[in-house]
1. Which listed residue (105, 71, 245) has the Cα farthest towards the positive end of the charge dipole for the chain, taking +1 on Lys and Arg C-beta and -1 on Asp and Glu C-beta about the Cα centre?
2. For a quick check of your reading of the filter: which GluC sites (Glu not before Pro) in segment 34-109 sit in a DSSP loop and have no more than 13 other Cβ atoms within 10 Å?
3. Give me the percent of the accessible area of segment 31-172 that comes from carbon and sulfur atoms, probe 1.4 Å, all protein chains in place.
4. Counting only DSSP beta bridges with both residues in segment 174-333, tell me the antiparallel percent, nearest 5.
5. Given axes a ≥ b ≥ c from the Cα gyration tensor, I'd like to know whether segment 57-141 is rounded (a/c under 1.5), prolate (a/b larger than b/c) or oblate.
6. Dipole of segment 89-175 (Lys/Arg Cβ +1, Asp/Glu Cβ -1, origin at the Cα centre): which of 154, 121, 138 lies farthest to the positive side?
7. Hey, rough spin-label estimate for residue 128 and residue 226, points 7 angstrom out along Cα→Cβ, what's it come to in nanometres?
8. Grab the Cα-Cα distance for residue 26 and residue 164, subtract it from 0.36 nm times how many residues apart they are, and report the gain in nm with one decimal.
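The values are calculated or read from the model by the stated rules, or taken from the named source; none is laboratory data. Please read these numbers as outputs of a predicted model, since none were measured by experiment. All Cβ positions, glycine included, derive from the backbone under ideal geometry; neighbour counts span all protein chains shown. Note: accessible area is taken over every heavy atom of the protein model, side chains too, but ligands, DNA and RNA are not part of it. Shrake-Rupley method; radii C 1.70, N 1.55, O 1.52, S 1.80 Å.
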Amino acid sequence: MNPIKKCIINKDTKNKPIWLMRQAGRYLPEFREIRKVNQNFIKLCLNTNLSSQITLQPIKRFGFDGAVIFSDILMVPYALGQKVEFKKNFGPQLGELNLDAIKNTNEVYFSNKLNPVYEAISLTASSELLKNRDVIGFVGAPWTILVYMINKTSPKKGLSDNFFKDKLLIKELLYVIEKFLKIHIKNQIEAGASIIQIFDSWAGLLENEIEQYIYTPTLNIVEYVKKLGVPVICFPRGIKDYKNFCETVKPDMVNIDYNVDPKKIINEIKIPIQGGLDPKILLTDKDNLRKEVERYLTIFKDHPYVFNLGHGILPETKIDLVEELISIVRNFR
Ligand code: CP3
C-alpha cells in the first residue's frame, strides 16, 4: 500500500483546500476534445492512459488540491455484468438485471475487468504533479448503486411504485453490491488512492427505512475503509438529517449539498465539512460568485473545511469563473 501523503482533510482551520466534484469533465475544452473521438464512455474509463490524462487536466489547469480519478460509479454494475451505456442528453441506461449471474460473479474476474482503472490510479499517483496532493478514489454508496441497478436510469422523477416490490431481490442485491464495493475500494487503495469518497447521490429519495438502506450498508463500507487506514468522505446528497447521518455513519468528513444551511450545520456537526456551494452559482457572474463563496468561507472560518460544491460542476461552467473561484478561496483571510 502506498504511504499516505498530505491529506486534504486538514485539521488546521487556517488552510482551506479546494477541489470540485466532477472537476475532470465536460466543462473543460481539453476533456471535450478527447471525448469527441471516444464515443464509448465506458471504454474511455477503461483507457488507462486517457483516464489518467483526464484526471490530471484540472490539476494542470487550476492546481486543485486533490485529483479525483476519471471513472464512474457505474463501473461497478458494469463489472458485475449488467450492461451500462451513456446516452447523449439522457444519462446512463442500464440493461437487464440478472441476479443469479451477478451473485456468481467471480472476484478475480471482477477485479480484472476493472484493472485499467487501477492502473490509471497508479499512473496518476506517480505523477510529479501529485507529489503533495491526494488521489481521490470513489464508489457509489450501496443505496445509489442499488437504485441504478434496479431503476436502470437516473430516477429524476423519483422511484417507481414497484421499486420495493421484490424484497428478496433487494436484500440479495444489496449484499452483493456491498461485497464488490469493498473489493473495488481495496483495489483502488492498493493502486494509490489516498482518500475514498462515497457518493450517495440518491440518498434524498428515501423517506423511510433509512437505517436499512443507507445507514447500515454505508457504515459497513466506512468501517471497511477506515480499517484499510485511509480517510473516507461521505456525500449523502439530499438526506434530511446530516447530523444523525454523521453520528451514525461516522465518516472522516462529510460533503454537504446546496440545500443544507451552512449556518445551521456548523453548530450540529463536529467533523470536518466539505462543499455546499450551489454549482449554479458558477453560471452567474464574478461579483455574485465572490459573495456566495465568501459566505461559506466566513461561516466555516474556524472549522476544518474543504472547499467544494454541493453537487458536481455543471458542463456549462465557464473556465474564468473556476479560476476566479480558486483565487477567492486561496486569497481569503
Ligand atoms: O471529476 C470527476 O468527478 C470525474 C469522475 C466522475 C464521473 N462520474 C465522470 C463522469 C465521478 C466521481 C462520477 C460520479 C458519478 N457518476 C455519480 C455521483 C456524483 C453525482 O453526480 O451525483 C453519479 C450519480 C454518476 C452516474 C452518471 N455518470 C451519470 C448520472 C452520468 C450522466 C449525467 C452527467 O452528469 O453527465 C454520468 C456520466 C459521466 N460520468 C460523465 C463524466 C465526466 C459525462 C460523460 C460524458 O457525456 O462526457
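1. The Cα lying farthest towards the positive end belongs to 71.
2. Details: sites: 85, 96, 107; in loops: 96.
Loop-located and lightly packed - 96.
3. Values: 3230 of 6810 Å².
Roughly 47 percent of what the probe reaches on segment 31-172 is carbon or sulfur.
4. Details: 0 of 11 bridges.
Counting only bridges with both partners in segment 174-333, antiparallel ones make up about 0 percent.
5. Numbers: a/c = 3.30, a/b = 1.75, b/c = 1.88.
Cα axes put segment 57-141 in the oblate bin.
6. The listed residue farthest towards the positive side: 154.
7. 4.0 nm
8. Working: separation 138, 0.36 × 138 = 49.68 nm, distance 3.44 nm.
Additional length available on full extension: 46.2 nm.
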